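Worksheet: one structure, shown below.
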Amino acid sequence: MPKVKRAVFIQIGVLALVAALFLVGSRFFPIADWIAMVQQDVMHLGVWSAIWYPLLYASCNVLLLPGGFLSIGGGFFFGLWWGFLIALLGNVSGAAISFFISRWIGREWLKRKLLRNPTLNALEPAVEREGWKIILLSQLHPLFPTSLLNYLYGLTRIRFRICILWIAIGQAPGLFLYSYLGTLGQLGLNLARGRTHPRLVEYFIWLGGFASAALVLALLGRIALRLLQQAERDAAGYAAL
């Protein structure tokens, strides 16, 4: 449990640091204008931006690169719901490609590499036994490298459509939270440029919505951690028999 709290605190700390650097840097440089120019460039691409963005996200997923900032960027550039859907599409596409590579192209090589990790080695029989439940929980867990797990799923006997469905469901809460954060970033940019003047109650609504989503995700992560730990213990027990 302390690891989960530490991971959450690290992510919050990084976001707070980025916000602080933005505020300090804005005093010396026109950072808000630079960000607005990037946003305009993305928007000028029109429908192509909605095509290239999930492809970029999928590439990061396949290459095991962090996609958190891209998820935030989805909300920042496209708004809450479109940003969420675009990030979800990119994530699911990347998971499907990783699954395909693992199951039909590099199966033996990946099996030798991945199953050296004791946690992944314990999860493989758990996925075989529990199927969708372990996939859902591992996607909700804040410490598990979900991009790497997509390759592990391809080594099991689980069906492709079942796997992708539960990856999408498990990723949805976190991606929604990131997209929400991106929309708050858009609000902050408009405030910095004097383009919006919300009432006090609107601040409470936006921040309250974000806090509620973060709390739900944290609770899901704690539940997922406990159940995954139990699955690892069960797998160790089966291996000892």
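The values are calculated or read from the model by the stated rules, or taken from the named source; none is laboratory data. It should be emphasised that the depicted structure is a prediction, and the values quoted were computed from it without experimental measurement. Using ideal geometry, Cβ is built from the backbone for each residue, glycine included, and neighbour counts are taken over all protein chains shown. Calculation scope for accessible area: heavy atoms of the full protein, side chains included, ligands and nucleic acids excluded. Shrake-Rupley method; radii C 1.70, N 1.55, O 1.52, S 1.80 Å.
Were the residues from Trp81 through Ile223 laid out at 0.36 nm apart, the gain over their Cα-Cα distance would be 48.5 nm.
In terms of its C-alpha gyration tensor, the range 47-117 has a prolate overall shape, because the principal axis ratio a/c (a ≥ b ≥ c, square roots of the eigenvalues) is not below 1.5 and a/b outweighs b/c. Once the Cα-Cα distance is subtracted from the 0.36 nm per residue extended length, the Trp48 to Asn121 segment shows a gain of 22.2 nm.
Only protein heavy atoms count here; under a 1.4 Å probe, Glu108 has an accessible surface of about 110 Å². In whole Hz, with x marking every Gly and Pro, tabulate ³J(HN,Hα) for the range 130-136 from phi via Karplus 6.51 cos²θ - 1.76 cosθ + 1.60, θ = phi - 60°. Result, ordered by residue: 8, x, 4, 5, 5, 4, 4 Hz.
Whole-Hz Karplus values for the range 221-227 come out as x, 5, 5, 4, 4, 4, 5 Hz, taken residue by residue from phi with 6.51 cos²θ - 1.76 cosθ + 1.60 and θ = phi - 60°; glycine and proline positions read x. Accessible-area rank, largest first, for Val62, Val47, Val127: Val47, Val62, Val127, with all protein chains present and a 1.4 angstrom probe. In terms of accessible area, using a 1.4 Å probe and ignoring ligands and nucleic acids, Leu187, Leu89 rank largest first as Leu89, Leu187.
Spin-label model, Arg161/Phe28: points 7 Å from Cα along the beta carbon direction are separated by 5.7 nm.
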